[in-house]
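Before I ask anything, let me first share the structure, which is written out below as structure tokens.
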Amino acid sequence: MEKEISQAVIGRLPRYFRYLGELKDNGVQRISSQELSSLMKVTASQIRQDLNNFGGFGQQGYGYNVEYLYHEIGNILGLNVEHHLIIIGAGNLGQALANYLNFEKRGFLFKGIFDCNPALYGKKVRNLTVQPMEAVEGFILENQVDIAVLTIPKDSAVEVADMLVRNGIKAIWNFAHVDLNAPQGIQVENVHLSDSLMKLSYNLAKYSDASQKG
């Protein structure tokens with residue numbers, strides 16, 4: 001039976017991947033858990049525990065081979081496979097995501113962008129052309145799309161998500177301001193940008209209060 005990995009551990013993997021990528025680009029060949037700990041502000045014990053979930057990858061007295069660990073974590077994250085994405089919602093956020101080139105470097109290829117606003121039909125967003133929602137179903141099949149990105153109002157998000165799942169979408173990256181619940185086997189990542197900003201606001205207020213009291 002395959003070991004169940006906690007979402008907390010999975011949530012830290014992209015950060016390990018990012019830091020190891022920077023180390024690799026800077027010519028660093030090996031690193032100890034202690035050195036990685038001081039860079040990432042995560043305890044060395046936590047790093048070892050996290051990586052031991054997948055086999056460890058380190059050698060006693062040597063540490064981790066940076067390039068090897070970078071590629072292994074990339075494989076764990078599924079970055080060794082090319083993913084085809086579509087964006088539903090060609091507003092400011094949808095266009096910004098389509099224009100972000102770093103996704104392509106990780107194997108996330110945007111194939112299409114769609115909207116229900118006729119005023120946007122035919123608009124070019126980098127190498128994509130905004131198409132009407134009526135074209136989504138055929139497009140998914142023709143382009144082997146597996147991930148849909150939702151940047152639409154919450155009122156239509158559930159209905160659109162259901163349509164996408166019926167047409168073969170396996171994963172949804174959801175920026176609509178509603179938590180989506182998908183059928184078993186369909187992966188959903190709900191992203192609430194305002195939550196992150198409010199967390200920042202809380203920490204700012206807490207720091208300001210502490211400074212005033214100090």
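Of the residues in region 122-151, how many are outside any helix (DSSP H, G or I) and open to solvent by less than 30 Å² (accessible area, probe 1.4 Å)?
Summing the residues that are outside any helix (DSSP H, G or I) and open to solvent by less than 30 Å² (accessible area, probe 1.4 Å) in region 122-151 gives 9.
Based on this model, can you work out whether ALA205 counts as more than 23 Å from the chain's Cα centre (by Cα), small (Gly, Ala, Ser), surrounded by 12 or more Cβ atoms within 10 Å (Cβ to Cβ) and not in a strand (DSSP E or B)?
No; evaluated as a whole, the condition is false for this residue.
Still on this structure, please answer the following. How many of the residues making up region 9-31 are assigned to a helix (DSSP H, G or I) and open to solvent by less than 60 Å² (accessible area, probe 1.4 Å)?
Residues flagged as assigned to a helix (DSSP H, G or I) and open to solvent by less than 60 Å² (accessible area, probe 1.4 Å) within region 9-31 amount to 9.
Condition first: assigned to a helix (DSSP H, G or I) and either within 27 Å of ALA148 (Cβ to Cβ) or among the basic types (Lys, Arg) (or both). Now tell me which residues in region 177-202 satisfy that.
LEU193, SER194, ASP195, SER196, LEU197, MET198, LYS199
Any residue at all in region 103-118 that's of a type in the set (A, V, I, L, M, F, W, C), more than 14 Å from the chain's Cα centre (by Cα), surrounded by fewer than 19 Cβ atoms within 10 Å (Cβ to Cβ) and assigned to a helix (DSSP H, G or I)?
Among the residues of region 103-118, not one is of a type in the set (A, V, I, L, M, F, W, C), more than 14 Å from the chain's Cα centre (by Cα), surrounded by fewer than 19 Cβ atoms within 10 Å (Cβ to Cβ) and assigned to a helix (DSSP H, G or I), which makes the answer no.
Now for a separate question. Quick one: would you say ALA90 is open to solvent by 40 Å² or more (accessible area, probe 1.4 Å), of a type in the set (Gly, Ala, Ser) and closer than 30 Å to LEU120 by Cβ?
In short, no.
Can you pull out the helices (runs of 4 or more DSSP H) entirely within region 32-100 that have at least 3 residues that are farther than 17 Å from PRO14 by Cα and free of Cβ contacts under 8 Å to residues at least 60 places away in the same chain?
Ranges flagged: 33-40, 92-98.
The values are calculated or read from the model by the stated rules, or taken from the named source; none is laboratory data. All values reported here derive from a predicted model rather than from experimental measurement. A quick note on method: Cβ atoms are made from the backbone with ideal geometry, for glycine too, and the neighbour counts reach across all protein chains shown. Each accessible area value is taken on the protein alone, full model and side chains, heavy atoms only, with ligands, DNA and RNA left out. Shrake-Rupley method; radii C 1.70, N 1.55, O 1.52, S 1.80 Å.
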